[in-house]
Ligand code: GLC
Ligand code: CA
């Protein structure tokens, strides 16, 4: 990885929910342009922009129908070029989301593939049925079988996600070449790099039945296969390297050893998003949330900190419920919880990815019923749970806890109508707590999540310890995560309280660098406290 990338702070924007500039209830590119000053003030270096390409929106843009045009709901190519240019003038670079595993079923390639029009016939993964049965027993990450029959073609196609998102066939060199052209197109426009969606699934080695697995049947045939490494190396060699592009991979079901293979051997990815720490409040499968187990969470984070050279650190994104509602307290201790979690994010070794709203501690949303849910994954899951005759209350609990819409509610800018996101009815409900939690009001509070987060970013920028320092976990009391970061003989000691209890701790250090309680001296660790000492 390029050493210069190490100091960068990344901020994820989910365009549909960020800022609506033209009053149609949908966030857009010009809305983002109008908020660049917010990102400059916070100290952001890189924006990761979730998809803005043409898309019928089955999965809000992760189903792409044309990779080189902009979804008119979000604006025009000219708006996008202006965004890139204006951001660059403010020293902010943009990485785009690159979805390679699948396209929309409305993509021209798929339409032609169905018809058997060359050269598109083998752009997707088509198989005959196995007698009267599906080609194999693989399951989709969005629930149900991973195969769908197409009448016109008379064959099944593979979809590891929604039925409207057929998987591309990367065994076909023409498909690889398409992505070389697409990535080159955007890099030539001044894009800094890509966040590669579920990128470790792109190569399928064989199509045999998979072993039984509660969350994903078939994974041994398509998770991080040799073919995936080869394709990534080829993209680096033929495109990315020539632009010194920043490439972060979203990789599902990865282990630290897979991460090393992807980031530390050949030039493939600069860093990866792993999921293991997101699985510490669930049993077996993401649909079944259990009580958050802080020790499991700390152990997992430690395993990844120690296991690989450089992490892509995140606690939130557009696929996960809000961290403060899962791992801390989004109510009585809102400010302390939000700042404590942000301290974790910015003091771990690796690149911090802040998700929109995390700078003010946005929380999960109290949705009333399914009519308020827009997330296609939640809709699929609810339908399956209904089919399986889960009681209504249980189905709804499943959705409220897990729905990706929790993180997708409109950004809360101020306490005016619709939280200042739009003048019209937003595409997804605004979280009713916007009157208390919003950027404008937060900044004015003595206990401001925004200002604290800004100081964290500043601390990172003015201190090599948080960038180059090694990570060592400290022994502490339960529910308290403690670790040091050391560089060139200088050390930061970080203590984070993941509970509402108070702990009397004897600390040998008195030099407080940052405290979410504004402490000048330390006698005890308070509820959801975060404190950084210098040795
Ligand atoms: C990734 C995206 C998610 C999307 C899925 C399929 O996990 O982050 O939003 O639904 O891939 O593209
Ligand atoms: Ca709009």
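Observations on the model:
- Within the range 72-86, restricting attention to residues that are within 15 Å of ligand 2 (Cβ to nearest atom) and in contact with a helix residue (DSSP H, G or I) (Cβ under 9 Å, 6 or more places away or on another chain), the residue that is farthest from residue 164 (Cα to Cα) is 83.
- Residue 44 fulfils the conditions (1) away from ligand 1 (no atom under 16 Å from the Cβ); (2) more than 18 Å from the chain's Cα centre (by Cα) except for a single criterion, (2).
- Contact map, the range 24-49: residues that are over 19 Å from residue 78 (Cα atoms) paired with residues that are within 15 Å of ligand 2 (Cβ to nearest atom) and not in a strand (DSSP E or B), Cβ distance under 7 Å, separation 6+ or inter-chain. Pairs shown: 24/424; 25/422; 25/424; 25/425; 25/426; 25/427.
- Subset of the range 384-405 that is more than 13 Å from ligand 1 (Cβ to nearest atom) and in contact (Cβ under 8 Å) with a residue 24 or more places away in the chain - its residue that is surrounded by the most Cβ atoms within 10 Å (Cβ to Cβ): 399
- Check on residue 361, at positive phi and either surrounded by 22 or more Cβ atoms within 10 Å (Cβ to Cβ) or free of Cβ contacts under 8 Å to residues at least 24 places away in the same chain (or both): yes
- Selection within the range 414-425 - part of a loop (DSSP other than H, G, I, E, B) and either free of Cβ contacts under 8 Å to residues at least 60 places away in the same chain or surrounded by fewer than 20 Cβ atoms within 10 Å (Cβ to Cβ) (or both): 414, 415, 416, 423, 424, 425
- The range 7-22, subset under 17 Å from residue 352 (Cβ atoms) and in contact with a strand residue (DSSP E or B) (Cβ under 7 Å, 6 or more places away or on another chain), residue farthest from ligand 2 (Cβ to nearest atom): 8
- Checked against the criteria, residue 75 does not count as in contact with a strand residue (DSSP E or B) (Cβ under 9 Å, 6 or more places away or on another chain) and on the phi > 0 side of the Ramachandran plot.
- Any hit, the range 40-50, residues being more than 16 Å from ligand 2 (Cβ to nearest atom) and within 17 Å of residue 428 (Cβ to Cβ): no
- In the range 169-198, the residues that are under 21 Å from the mean Cα position of the chain (by Cα) and not in a helix (DSSP H, G or I): 191, 192, 193, 194, 195, 196, 197, 198
Okay, residues lined up against (1) more than 26 Å from residue 213 (Cβ to Cβ); (2) free of Cβ contacts under 8 Å to residues at least 60 places away in the same chain; (3) more than 32 Å from the chain's Cα centre (by Cα):
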| residue | (1), (2), (3) |
| --- | --- |
| 104 | yes, no, no |
| 108 | yes, yes, no |
| 111 | yes, yes, no |
| 126 | no, yes, no |
| 129 | no, yes, yes |
| 133 | no, yes, yes |
| 141 | no, no, no |
| 146 | no, no, no |
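- Across the range 148-160, the qualifying residues are those that are part of a strand (DSSP E or B) and within 26 Å of residue 251 (Cβ to Cβ), and the one among them that is nearest to the chain's Cα centre (by Cα) is 158.
- Close contacts from the range 193-220, counting a first residue that is under 19 Å from residue 67 (Cβ atoms) and touching a residue at least 12 places away in the same chain (Cβ under 8 Å) and a second that is within 16 Å of ligand 2 (Cβ to nearest atom) and outside any loop (DSSP other than H, G, I, E, B), with Cβ to Cβ under 9 Å and a gap of 6+ residues or different chains, come to 195/49.
Here is a yes/no grid of residues against (1) buried (at least 16 other Cβ atoms within 10 Å of the Cβ); (2) within 26 Å of residue 12 (Cα to Cα); (3) at pLDDT 95 or above:
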position: 120; (1), (2), (3): yes, no, yes
position: 141; (1), (2), (3): yes, yes, no
position: 153; (1), (2), (3): no, no, yes
position: 181; (1), (2), (3): no, yes, yes
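- Counting the residues of the range 23-39 that are under 13 Å from residue 11 (Cα atoms) and more than 11 Å from ligand 2 (Cβ to nearest atom) gives 4.
Here is a yes/no grid of residues against (1) over 25 Å from residue 367 (Cα atoms); (2) more than 16 Å from ligand 2 (Cβ to nearest atom); (3) without any contact (Cβ under 8 Å) to a residue 12 or more places away in the chain; (4) surrounded by fewer than 21 Cβ atoms within 10 Å (Cβ to Cβ):
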position: 256; (1), (2), (3), (4): yes, yes, no, yes
position: 260; (1), (2), (3), (4): yes, yes, no, yes
position: 267; (1), (2), (3), (4): yes, yes, no, yes
position: 270; (1), (2), (3), (4): yes, yes, no, no
position: 282; (1), (2), (3), (4): no, yes, yes, yes
position: 292; (1), (2), (3), (4): no, yes, no, yes
position: 301; (1), (2), (3), (4): yes, yes, no, no
position: 317; (1), (2), (3), (4): no, yes, no, no
position: 323; (1), (2), (3), (4): no, yes, no, no
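- The one condition in (1) touching a residue at least 24 places away in the same chain (Cβ under 8 Å); (2) more than 28 Å from residue 334 (Cβ to Cβ); (3) touching a strand residue (DSSP E or B) at 6+ places or on another chain (Cβ under 7 Å) that residue 490 fails to fulfil: (3)
- Single residue of the range 219-246 satisfying the filter (within 16 Å of ligand 1 (Cβ to nearest atom) and not in a helix (DSSP H, G or I)) that is surrounded by the fewest Cβ atoms within 10 Å (Cβ to Cβ): 223
- Against the test of being crowded, with 24+ Cβ neighbours inside 10 Å, at pLDDT 95 or above and within 20 Å of residue 195 (Cα to Cα), the options 28, 20, 45 yield a single qualifying residue, 28.
- Contact map, the range 179-190: residues that are touching a residue at least 60 places away in the same chain (Cβ under 8 Å) paired with residues that are surrounded by fewer than 15 Cβ atoms within 10 Å (Cβ to Cβ) and part of a helix (DSSP H, G or I), Cβ distance under 7 Å, separation 6+ or inter-chain. Pairs shown: 189/81; 190/88.
The values are calculated or read from the model by the stated rules, or taken from the named source; none is laboratory data. Predicted model, so just to flag it, every value in this text is computed and none were measured. Reconstructed Cβ throughout: ideal geometry from the backbone, glycine too, with neighbour counts over all protein chains shown.
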